[in-house]
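The values are calculated or read from the model by the stated rules, or taken from the named source; none is laboratory data. Fair warning: this is a prediction, and the values are worked out from it, not measured in the lab. Because the Cβ atoms are built from the backbone with ideal geometry, glycine has one as well, and the counts that use them run over all protein chains shown.
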Amino acid sequence: MSALDELVTVMARLRGPGGCPWDGEQTHASLAPYALEEAHELVEAIEAGDHAHLREELGDVLLQVVFHADIARAEGRFDLDDVASALVEKLRRRHPHVFADVAVGGVDDVVANWDAIKRAEKPERGSALDGVPASLPALARAQKVLRRAERAGLAVADAPAPETEDELGRALLALVRDATVRGLDAERALRTATRDLEHRLRAHEPPG
């Protein structure tokens with residue numbers, strides 16, 4: 001038995017008769033906050049460059065996937081194997097330059113093909129903003145929306161020096177746009193700067 005198969009078995013045992021009462025009463029909705037939390041902790045481990053921590057946090061994210069899949073399995077809707085099969089099909093379908101005979105000239109062609117295939121898969125989606133999670137942190141959401149706007153050919157105007165919250169919002173959006181154009185991650189940059197400030201603050205505080 002592979003470690004992944006054993007994980008599926010352990011989760012079914014935890015949620016089955018005689019298992020853990022807490023695990024057994026969880027739902028997709030009750031677990032949603034944990035998925036967000038674990039994703040943020042994974043990003044922290046990546047940014048810290050701590051490989052042992054990264055392995056642990058990847059396991060915690062995997063736990064969320066297995067947990068949700070077992071809830072769906074118990075309800076007779078799908079299981080982890082169905083999730084993996086659908087993902088394999090999607091990856092093959094959206095990489096025709098690898099698994100079929102489509103030629104690409106670089107990353108830009110790959111992204112354009114991905115977007116075109118995605119639109120063909122889900123023609124009911126009528127907006128360029130479909131699929132942008134509302135729960136994303138503000139800067140990450142702004143950066144994603146700006147990328148979508150750029151692909152749709154929508155220009156975002158510069159903002160003057162902010163004196164009101166509306167002007168500040170437009171100025172921040174313009175700053176994120178400029179960062180995106182330069183290939184910079186505004187969310188990561190802000191987290192890094194905030195961490196640096198935290199380190200300086202801790203160093204400034206008197207001991208004890």
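Consider only pairs whose beta carbons are under 9 Å apart and that are at least six residues apart or on different chains; among these, list those whose first residue lies in the stretch 37-50 and is under 17 Å from Leu63 (Cβ atoms) and whose second residue is surrounded by 13 or more Cβ atoms within 10 Å (Cβ to Cβ) and of a type in the set (Val, Ile, Thr).
Glu38/Val61; Ala39/Val61; Glu41/Val61; Leu42/Val61
From the list Leu136, Leu146, which residue is within 24 Å of Ala39 (Cα to Cα) and touching a residue at least 12 places away in the same chain (Cβ under 8 Å)?
Leu146
For Gly76, are the conditions met, namely being surrounded by fewer than 13 Cβ atoms within 10 Å (Cβ to Cβ) and under 30 Å from Leu190 (Cα atoms)?
Details: surrounded by fewer than 13 Cβ atoms within 10 Å (Cβ to Cβ): yes; under 30 Å from Leu190 (Cα atoms): no.
No, not satisfied.
Does His68 qualify as being over 21 Å from Gln26 (Cα atoms), out of contact with any Asp or Glu (no Cβ under 6 Å at 6 or more places or on another chain) and surrounded by 13 or more Cβ atoms within 10 Å (Cβ to Cβ)? Talk me through it step by step, then tell me what you get.
On the way: over 21 Å from Gln26 (Cα atoms): no; out of contact with any Asp or Glu (no Cβ under 6 Å at 6 or more places or on another chain): yes; surrounded by 13 or more Cβ atoms within 10 Å (Cβ to Cβ): yes.
In short, no.
List every residue pair whose Cβ atoms lie under 9 Å apart, where the two residues are 6 or more positions apart in sequence or sit on different chains, the first residue falls within the stretch 18-33 and is touching a residue at least 24 places away in the same chain (Cβ under 8 Å), and the second residue, located anywhere, is among the β-branched types (Val, Ile, Thr) and exposed (fewer than 14 other Cβ atoms within 10 Å of the Cβ).
none
Got a number for residues in the stretch 31-54 being of a type outside the set (Ser, Thr, Tyr) and either under 20 Å from Ser135 (Cβ atoms) or under 14 Å from the mean Cα position of the chain (by Cα) (or both)?
Just the residues of the stretch 31-54 that are of a type outside the set (Ser, Thr, Tyr), to begin with: 31-33, 35-54.
Going one step further and asking which of them are either under 20 Å from Ser135 (Cβ atoms) or under 14 Å from the mean Cα position of the chain (by Cα) (or both), we end up with 31-33, 35-44, 46.
Adding up the residues that qualify gives 14.
What are the pairs, 6+ residues apart or on separate chains, where a residue within the stretch 63-80 that is under 18 Å from Ala32 (Cα atoms) has its Cβ under 8 Å from a residue that is aromatic (Phe, Trp, Tyr)?
Listed pairs, sorted by first residue: Gln64/Tyr34; Ala69/Phe78; Ala72/Phe78.
What are the residues in the stretch 146-170 that are crowded, with 16+ Cβ neighbours inside 10 Å, farther than 18 Å from Leu136 by Cα and at pLDDT 75 or above, if any?
Arg170
Just checking: which of the helices (runs of 4 or more DSSP H) contained wholly in the stretch 76-169 hold 1 or more residues that are under 18 Å from the mean Cα position of the chain (by Cα)?
Details: elements: 80-94, 96-99, 107-121, 138-151.
Ranges flagged: 80-94, 107-121, 138-151.
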